[in-house]
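Asks: Here's a structure for you.
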Amino acid sequence: MTETGPIRMLLAKVGLDGHDRGVKVVARTLRDAGMDVIYSGLHRTPEEVVTAAVQEDVDVLGVSLLSGTQLTVFPRIFALLGQYGAGDMIVVAGGVMPDEDVAAIKAMGVRAVLLQDTPPETIVTTLRRLVAERGAR
Amino acid sequence: MSYIPSDILAERAARGELQAVGRLISRAEAGVPEVRTTLAAIYRRTGAAHVIGITGVAGSGKSTLVAGLALRLRQVGDKVGIVAIDPSSPYSGGSILGDRIRMSELAADPGIFIRSMATRGALGGMARATLEAVDILDLAGFDAIIIETVGVGQDEVEIARASHTTIVVSAPGLGDGIQAIKAGTLEIADIHVVSKCDRSDANRTLMDLKQMLMLGHAAAASTDWQVPVIGVSAYSGEGIDALVTAITRHRAVAFRSAAGQTRRLAIADFRLRKTAENLLAERFAAVAAEGAPPLARRLADRDAGPYTLARELVANLLAWESKHE
């Protein structure tokens with residue numbers, strides 16, 4: 001919880017990746033943890049995702065990727081967030097990707113990478129911690 | 001990053017900065033004390049936007065209709081704000097806000113702003129901060145602001161007390177002529193839409209609604225506005241033009257006619273009462289947190305009746321009020 005209400009979260013699927021069972025499970029988990037979860041639907045562009053995140057003013061933008069495009073998607077997302085003046089948004093990643101890519105996107109500013117073997121409660125506690133650390137905005 | 005005062009965000013929002021619009025709505029939703037004076041100042045600068053309420057049962061096609069409508073309104077030059085409401089879980093307080101998925105065609109257009117909102121226990125079809133979000137979008141220069149209510153049952157009619165034009169969406173196959181003459185949500189429409197009218201049973205629903213309205217015409221005095229029934233198919237695009245025409249005509253009625261003036265006063269009256277009600281509910285919750293448990297103990301012990309003890313609790317609230325004035 002933020003001190004003022006439920007955590008708001010956008011769960012996004014970007015590009016040609018057509019598998020969303022995982023992201024739906026995560027959405028349901030976060031709902032049951034008391035969060036407001038907005039799901040983007042499949043096949044979104046980084047522009048669409050960032051516009052939605054800014055309009056919805058979410059605490060956390062979560063991008064689920066199973067397609068291996070993380071090294072091109074995240075630089076674009078951070079550039080767009082900067083253009084909107086939304087640099088304070090917490091960005092996390094989920095899905096499946098190689099270890100070296102995890103290190104690379106963390107270096108770009110992704111605050112947590114929650115891969116396919118992450119227990120649901122770890123996702124919840126990680127998001128709560130990141131929002132609490134950020135403080136009021 | 002440091003906390004930006006709400007007054008400064010309001011100036012940015014008035015210049016059309018989308019991030020400021022989004023952040024102000026979040027603060028309104030959270031009810032942070034700092035934003036309340038800003039919201040009061042914002043309210044005084046609003047009133048230009050045409051507020052369109054869209055309601056109907058869950059699955060009737062509200063979100064899809066909103067998407068089609070917003071696209072068409074963009075083509076005639078309006079900037080369109082959308083506040084889409086979905087229910088919060090009564091158990092966890094969380095929600096899945098899924099209306100946006102139906103509006104993916106709108107995602108890339110900077111002249112469209114979509115905001116999802118959870119009810120957080122509010123009844124009546126809207127969330128507590130919905131109308132504040134409408135004010136903020138109005139300030140930011142959106143010409144038409146669509147409120148999409150949560151999927152309603154038969155009795156959630158607040159949207160008609162908050163919008164200039166109320167559209168009730170009915171899907172085919174959900175009822176007959178008796179359903180159509182029942183009291184409640186069907187009565188509040190300025191415009192009736194029958195969605196999914198590419199389906200063969202849509203004609204029946206169109207006919208039931210039209211007959212219901214004809215019965216009403218016989219009973220009611222003539223007014224400035226005849227409620228149309230419009231069949232719409234998002235699949236084929238049929239009916240959207242007719243709907244936009246009806247909305248434009250109703251906008252003229254809502255903004256210019258005597259009936260429109262009366263409606264505006266009714267909207268203000270509703271807003272006033274609802275805001276006061278929320279204030280009372282907030283304070284009552286604070287007073288009850290402390291005062292209710294001992295009274296509940298006495299009630300459980302059959303020491304006094306519920307009405308007597310409830311009056312005592314209300315007296316606590318009034319005492320609290322006079323102490324804090």
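Asks: Given a 1.4 Å probe, show me the residues in region A:53-96 buried by at least 30 Å² of accessible surface when comparing the whole protein assembly to the chain alone.
Replies: In region A:53-96, residues shielded by partner chains: A:Val54, A:Gln55, A:Glu56, A:Asp57, A:Tyr84, A:Asp88.
Asks: Convert each backbone phi in region B:72-89 into a coupling constant with the Karplus relation 6.51 cos²θ - 1.76 cosθ + 1.60 (shift: θ = phi - 60°), then list the ³J(HN,Hα) values in order as whole Hz, x for Gly and Pro.
Replies: 5, 5, 4, 5, 8, x, 6, 7, 10, x, 10, 10, 10, 10, 10, x, 8, 5
Asks: What net charge is computed for the residues neighbouring B:Ala254, neighbours being all others with C-beta under 12 Å from the C-beta of B:Ala254, Lys and Arg scored +1, Asp and Glu -1? Show your work: numbers first, answer last.
Replies: Details: positive: B:Arg249, B:Arg251, B:Arg256, B:Arg263, B:Arg264; negative: B:Asp190, B:Asp224.
Spelling it out: positives minus negatives among the neighbours equals +3.
Asks: Let me know the shape class of region A:8-119, please: from the alpha-carbon gyration tensor, a ≥ b ≥ c as square roots of the eigenvalues, rounded when a/c is under 1.5, otherwise prolate if a/b is greater than b/c, or oblate. Please report the intermediate quantities before stating the final value.
Replies: On the way: a/c = 1.35, a/b = 1.03, b/c = 1.32.
Verdict is rounded for region A:8-119.
Asks: Between B:Thr245 and B:Ala281, 0.36 nm times their residue separation minus their Cα-Cα distance comes to what?
Replies: On the way: separation 36, 0.36 × 36 = 12.96 nm, distance 4.10 nm.
Length gained between B:Thr245 and B:Ala281: 8.9 nm.
Asks: Assuming 1.567 mPa s and 4 °C, estimate D for region B:1-153 with Stokes-Einstein, Rh taken as the Kirkwood radius over Cα pairs, in µm²/s. Write out the running numbers ahead of the final one.
Replies: Working: Rh = 15.7 Å.
Calculated translational D: 83 µm²/s.
Asks: Cα centroids of region B:2-73 and region B:76-143: how far apart, whole angstrom?
Replies: A separation of 8 Å, based on Cα centres.
Asks: Which whole-Hz ³J(HN,Hα) couplings does region B:256-272 yield from phi under the Karplus relation 6.51 cos²θ - 1.76 cosθ + 1.60, θ = phi - 60°, glycine and proline marked x?
Replies: Ordered by residue, 3J(HN,Hα) equals 10, 7, 5, 4, x, 4, 4, 4, 5, 5, 5, 5, 5, 4, 4, 4, 4 Hz.
Asks: Compute for chains B and A the buried accessible surface, both sides summed, probe 1.4 Å, and express it in Å² to the nearest 100. Display every interim value, and only then the final one.
Replies: Values: alone 17150 and 6930 Å², together 21550 Å².
Interface area, both chains combined: 2500 Å², rounded to the nearest 100.
Asks: Let me have the 222 nm mean residue ellipticity of chain B computed from DSSP H runs of 4+ only, each contributing -39500 (n - 2.57), with the sum over all residues rounded to the nearest 500.
Replies: -16500 deg cm²/dmol
Asks: Amide H to amide H, which residues 5 or more places from A:Leu65 or on other chains are under 5 Å from it, using H placed in the peptide plane?
Replies: The answer is A:Gly94, A:Gly95, A:Val96.
Asks: Among the aspartates and glutamates, select those whose C-alpha is under 16 Å from the C-alpha of B:Lys196, and discard any that sit fewer than 8 residues away in the same chain.
Replies: B:Asp208, B:Glu238, B:Asp241
Asks: With all protein chains present, how much of the accessible area of region B:273-324 (probe radius 1.4 Å) comes from carbon and sulfur, to the nearest whole percent?
Replies: On the way: 2340 of 3880 Å².
Taking all protein chains in place, region B:273-324 shows 60 percent carbon and sulfur surface.
Asks: Separation between the A:Arg129 and B:Ser104 pseudo-spin-labels, each 7 Å from Cα along Cα→Cβ, expressed in nm?
Replies: Modelled inter-label distance: 3.4 nm.
Asks: To the nearest Å, what is the center-to-center distance of region B:264-325 and region A:1-63, using C-alpha atoms only?
Replies: Using only Cα atoms, the two centres lie 38 Å from each other.
Asks: Could you work out how much longer the chain between B:Ser200 and B:Ala289 gets when fully extended? Use 0.36 nm per residue separation minus the Cα distance between them, nm to one decimal.
Replies: Working: separation 89, 0.36 × 89 = 32.04 nm, distance 5.50 nm.
The B:Ser200-B:Ala289 span can extend by a further 26.5 nm.
Asks: In addition: What is the sum of charges, Lys and Arg at +1 and Asp and Glu at -1, for the other residues whose Cβ falls under 12 Å from the Cβ of B:Ile101?
Replies: Working: positive: A:Lys13, A:Lys24, A:Arg44, B:Arg100, B:Arg102; negative: A:Asp20, A:Glu48, B:Asp86, B:Asp99, B:Glu105.
Local net charge: 0.
Asks: Above 22 Å lies some portion of the pair distances; for region B:46-256, what is it as a whole percent of all C-alpha pairs? Could you put the intermediate results ahead of the total?
Replies: Working: 10340 of 22155 pairs.
In whole percent, the long-distance tail amounts to 47.
Asks: Let me ask something else. With a sphere of radius 14 Å drawn around the Cβ of B:Leu65, what net charge do the other residues whose Cβ falls strictly inside it have (Lys, Arg +1; Asp, Glu -1)? Kindly include the intermediate steps, with their values, before the conclusion.
Replies: On the way: positive: B:Lys62, B:Arg72, B:Arg102, B:Lys196; negative: B:Asp99, B:Glu105, B:Glu148, B:Asp198, B:Glu238, B:Asp241.
Local net charge: -2.
The values are calculated or read from the model by the stated rules, or taken from the named source; none is laboratory data. The shown structure was predicted, so the numbers you read here are calculated from the model rather than taken from an experiment. So basically every Cβ, Gly included, is an ideal-geometry build from the backbone, and we count neighbours across all protein chains shown. Each accessible area value is taken on the protein alone, full model and side chains, heavy atoms only, with ligands, DNA and RNA left out. Shrake-Rupley method; radii C 1.70, N 1.55, O 1.52, S 1.80 Å.
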